[in-house]
Amino acid sequence: MNEFIKITEASSLYDELENKPVRRLLDEINTEDRRVAIAVGEAIPQIEKLVEAVIPRMKKGGRIFYMGAGTSGRLGVLDASEIPPTYGMPPTLFIGIIAGGDKALRSPVEHAEDDLEQGWKDLLSHQISQHDTVIGIAASGTTPYVIGALRAARREGILTASITANPNAPLSAEADIAIEIVVGPEYVTGSSRMKSGTAQKMVLNMISTSLMIKMGRVKGNKMVNMQLTNQKLIGRGTRMLMEELQIDEEQAQALLLAHGSVRKALDSLATN
């Protein structure tokens, strides 16, 4: 059995930070951040395995549940919250659940992440089914709230995955597909909101974006199903139609606003 070493708690490679000039601090943080993309790249086979497994489930109505505490939970909620406006999907397709509930998005909730049973209870409140997928996010890979949720979900035959920054983490053992992004010690010892958090954000971007592409929510390289919630997005949609249809701005915007999305505007012309 491989030994579990908590790299996320290992001492920083840098010291006497308080004595360094700002430029030195920024250069050193940037040096460490460059390691993140490399570490994520090494985990692409596991990320691919997860996405390929989720696609048929999602086509049958399955959902993605992100489970986490603290920074990890906030990143899951963030990624889930951006799916509806970006891809025009319902807010029930990607669901971010954070230990301690919505209050924990802004303020720590004492001991919420230590409850081994609460994660599964939170999933049950969403009527979770075997078409769904539960992705546990924990930099340490030891968060009881997330471990308990994955353990129970897997026992019920639900696809589970984990995203951690420690190799051979306890959370990985509870997942069907374990994604381990080993970015090394943090610049500030133990501050896993830094490289570990950046790695988690990158992996979540990869998972949700590739799934939405494969679910037909992108045409070419354009997010043609985005919600027109502000002038910036109306302008973006207008430019998409101008480029696609070779029409002027006035025509394109009128067409966009009449149908509510680039996709619907294009589909209306295809059926005429």
Whichever aspartates and glutamates have a C-alpha closer than 18 Å to that of residue 103, once near sequence neighbours (fewer than 8 apart) are set aside: 79, 113, 114, 115, 122
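With all protein chains present, how much of the accessible area of the chain (probe radius 1.4 Å) comes from carbon and sulfur, to the nearest whole percent? Don't jump to the answer; show the numbers that get you there.
Details: 7030 of 13920 Å².
Heavy-atom surface of the chain belonging to carbon and sulfur, 1.4 Å probe: 50 percent.
Given the convex hull of the Cα atoms of segment 108-217, what is a quarter of its surface area in nm²? Working shown, then result.
On the way: hull surface 30.8 nm².
It is 7.7 nm².
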Compute the long axis of helix 195-214 from its Cα atoms, compare it with the longest principal axis of the Cα atoms of the chain, and write down the angle in degrees, 0 to 90, nearest 10. 30 degrees
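If you put +1 on each Lys and Arg Cβ and -1 on each Asp and Glu Cβ, how big is the dipole of segment 174-228 around its Cα centre, in Debye rounded to 20? Display every interim value, and only then the final one.
Working: 7 positive and 4 negative charges, 99 e Å.
Charge dipole of segment 174-228: 480 debye, to the nearest 20.
Which shape class, rounded, prolate or oblate, goes with segment 92-136 when its Cα gyration tensor gives a ≥ b ≥ c as root eigenvalues, a/c under 1.5 marks rounded, and past that a/b bigger than b/c marks prolate?
Numbers: a/c = 2.58, a/b = 1.68, b/c = 1.54.
Verdict is prolate for segment 92-136.
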If contacts are Cα pairs under 8 angstrom and at least 6 residues apart, what is the relative contact order of segment 139-269 in percent? 14 percent
Three-way shape label, segment 44-197, alpha-carbon gyration tensor, a/c 1.5: rounded
Projected onto their principal axes, the Cα atoms of the chain stretch, largest extent first, over whole-Å spans of 64, 52, 35
Hey, what do the phi angles of segment 223-232 turn into as Karplus ³J(HN,Hα) couplings, whole Hz, using 6.51/-1.76/1.60 and θ = phi - 60°, x for Gly and Pro? 7, 6, 9, 4, 7, 8, 8, 7, 5, 4
Report D for segment 163-272 in µm² per second (integer): Stokes-Einstein, Kirkwood Rh on Cα pairs, 4 °C, 1.567 mPa s. 76 µm²/s
Rounded to whole Hz and in sequence order, give me ³J(HN,Hα) for segment 104-114 from the Karplus expression 6.51 cos²θ - 1.76 cosθ + 1.60, θ = phi - 60°, writing x for Gly and Pro. 6, 5, 10, 9, x, 10, 4, 6, 4, 6, 8
Rounded to the nearest 10 degrees, the helix 44-59 long axis (Cα) sits at an angle to the longest Cα principal axis of the chain of 50 degrees
For the pair residue 270 and residue 124, how long in nm is the line joining their label points, each one 7 Å along Cα→Cβ? 4.4 nm
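So which of 121/219; 60/264; 201/222 end up more than 28 Å apart by C-alpha? Could you put the intermediate results ahead of the total?
Details: 121/219 38 Å; 60/264 23 Å; 201/222 21 Å.
Among 121/219; 60/264; 201/222, the Cα-Cα distance tops 28 Å for 121/219.
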So, by mean Cβ neighbours within 10 angstrom, what's the order for 198-204, 141-147, 222-228, 18-24 with the highest one leading? 141-147, 198-204, 222-228, 18-24
Show the residues, 5+ positions off or on another chain, whose built amide H is closer than 5 Å to the amide H of residue 135. 65, 66, 67, 161
In Å², what does the accessible area per residue of the chain work out to with a 1.4 Å probe? 51 Å²
Would you be so kind as to identify which of 203, 238, 51 lies farthest towards the positive end of the dipole of the chain, taking Lys and Arg as +1 and Asp and Glu as -1 on Cβ and the Cα centre as origin? 238
Distance between the C-alpha centers of segment 166-197 and segment 106-143? Whole Å please. 17 Å
Output ³J(HN,Hα) for segment 3-8: one whole-Hz value per residue in order, computed from phi by the Karplus curve 6.51 cos²θ - 1.76 cosθ + 1.60 with θ = phi - 60°, and x for Gly and Pro. 6, 8, 10, 7, 4, 5
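The values are calculated or read from the model by the stated rules, or taken from the named source; none is laboratory data. Being a predicted model, the structure only gives us computed values, none of them experimental. Reconstructed Cβ throughout: ideal geometry from the backbone, glycine too, with neighbour counts over all protein chains shown. Ligands, DNA and RNA are excluded from the accessible area calculation, which covers all protein heavy atoms including side chains. Shrake-Rupley method; radii C 1.70, N 1.55, O 1.52, S 1.80 Å.
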